[in-house]
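Notes to accompany the following structure.
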């Protein structure tokens, strides 16, 4: 099971492994108090895509399409997340965006759930 949550929200009982999936370190969180197990910044949208979407107010559907293309080129990190899900049974993808409906973790979760082949997931 893959869940998503803002990095600033408290973890819930049953969360096994929490992964920050943003390219930038979240504001206001010290490295000593980081509430996650792994920072996988290379699976986040590229700097160019992130800036286009956030600063130029790119349309959501176009952002999703572009980010999915980036994810298709980054299969190693996708497989890593899927193997963690298999190992822990539940992983939580953390993001820092204020928008809980339109952020990179929403796209990443959908991609992981819909675009993987069980035979390709490392054990």
| said: When you scan segment 42-50, do you find a residue that is at pLDDT below 95, surrounded by 11 or more Cβ atoms within 10 Å (Cβ to Cβ), over 20 Å from residue 76 (Cα atoms) and in contact with a strand residue (DSSP E or B) (Cβ under 6 Å, 6 or more places away or on another chain), even just one? | reply: no
| task | Considering each of 8, 67 in turn, give the residue that is buried (at least 16 other Cβ atoms within 10 Å of the Cβ) and either at pLDDT below 95 or within 15 Å of the chain's Cα centre (by Cα) (or both). | result | 67
| query | Of all residues in segment 83-123, which are surrounded by 14 or more Cβ atoms within 10 Å (Cβ to Cβ), part of a helix (DSSP H, G or I), touching a helix residue (DSSP H, G or I) at 6+ places or on another chain (Cβ under 8 Å) and at pLDDT below 95? | reply | 85
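The values are calculated or read from the model by the stated rules, or taken from the named source; none is laboratory data. Worth saying up front: this structure is predicted, and the values here are computed from it rather than measured. Neighbour counts run over all protein chains shown; Cβ positions are idealised from the backbone, glycine included.
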